[in-house]
1. For F103, indicate whether it is of a type outside the set (V, I, T), surrounded by 14 or more Cβ atoms within 10 Å (Cβ to Cβ), under 17 Å from the mean Cα position of the chain (by Cα) and part of a loop (DSSP other than H, G, I, E, B).
2. Across segment 1-35, what is the number of residues that are touching a Phe, Trp or Tyr at 6+ places or on another chain (Cβ under 7 Å) and among the basic types (K, R)?
3. Looking for something in contact with a Cys (Cβ under 8 Å, 6 or more places away or on another chain), outside the structural domain of T129 (by TED's automatic domain parsing), assigned to a strand (DSSP E or B) and not charged (D, E, K, R) - is there at least one such residue anywhere in segment 11-27?
4. Name the single residue that is surrounded by the fewest Cβ atoms within 10 Å (Cβ to Cβ) among those in segment 127-146 being charged (D, E, K, R) and assigned to a helix (DSSP H, G or I).
5. Among V82, V114, V94, which is of a type in the set (A, V, I, L, M), at pLDDT below 95 and not in a loop (DSSP other than H, G, I, E, B)?
6. Could you check, for segment 38-57, whether at least one of its residues is over 17 Å from the mean Cα position of the chain (by Cα), at pLDDT 95 or above, within 20 Å of Y102 (Cβ to Cβ) and of a type in the set (G, A, S)?
7. Restricting attention to segment 187-234, and to residues there that are more than 18 Å from the chain's Cα centre (by Cα) and within 19 Å of D147 (Cβ to Cβ), which single residue is surrounded by the fewest Cβ atoms within 10 Å (Cβ to Cβ)?
8. Hey, P60 hits all of (1) closer than 30 Å to E189 by Cβ; (2) under 17 Å from the mean Cα position of the chain (by Cα); (3) crowded, with 18+ Cβ neighbours inside 10 Å but one; which does it fall short on?
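The values are calculated or read from the model by the stated rules, or taken from the named source; none is laboratory data. Predicted model only: the values in this text are computed from it and were never measured. In this analysis, Cβ positions are derived from the backbone assuming ideal geometry, glycine residues included, and neighbour counts consider all displayed protein chains.
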Amino acid sequence: MGEVREIKCEVEAFDKLTHDTRLIRLTVSDGPPLAFKAGQYAKVVYPNAVEKYYSIASLPGDNGIEFHIRRSGDGESSSHYVLDQLSIGDPVMVTAPMGSSYFRDEHTGPILCVAGGSGMAPIRSIAETAIAKDERREIHLYFGVRDERDIYFEERFSELARSHANFHFTPVLSEPLGVTARRTGFVHEAVAADLSDFDDWKVYLCGPPVMVESVADLLKDRGVSEGDIYADAY
């Protein structure tokens, strides 16, 4: 795990992920790239002195640092500043890496990853890091969102599923606004319907507290040790 550093960065790019979530990419402007483990997070200080904590969406070894930022609150919230006022080239201070819910690369068994909304950021990093380490590993990734418009990275994960027979990607809609052929309901219910044997599994969760708690409670009832569940709720 990398040593915690305070890193001078600048905004390199933005990318629209959904109607209310954007990807922000920073480039390190002072020193080597950030060393971290998939699943860790960072403290970010913007030019207006606002501090925020975000899970790292990029992969270990990447030269840049990526975050997924969802618009929330009223027009004065920090997310609105980031999404509406921050510009390419603006300076940003990053302190990282932090967090203990990172990918355990010594584990060789199956993995369950569950993301809710922008909690996809660290889950994406964990899942893709796990695939790169062992292409034959069984990995199930569930993405719980409200509606179709909240899904992102579907093309990316669908392609990974096509090229890796043991990787499975399942979006689940909790409040679809129209008729859908997708899985619906709560994401923990989909997990319960699909999987039963969790012997030697590791579990990585990130999303709203109620989602994280529901999945964790289900898995504990199915015999998963609390020590094998790594969770970040926000």
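1. The answer is yes for F103.
2. The number of residues fulfilling the criteria is 1.
3. For segment 11-27, residues in contact with a Cys (Cβ under 8 Å, 6 or more places away or on another chain), outside the structural domain of T129 (by TED's automatic domain parsing), assigned to a strand (DSSP E or B) and not charged (D, E, K, R): present.
4. K133
5. Exactly one of V82, V114, V94 is of a type in the set (A, V, I, L, M), at pLDDT below 95 and not in a loop (DSSP other than H, G, I, E, B), namely V82.
6. No, segment 38-57 contains no residue that is over 17 Å from the mean Cα position of the chain (by Cα), at pLDDT 95 or above, within 20 Å of Y102 (Cβ to Cβ) and of a type in the set (G, A, S).
7. Ranking the qualifying residues of segment 187-234, first place goes to E189.
8. All conditions are met except number (1).
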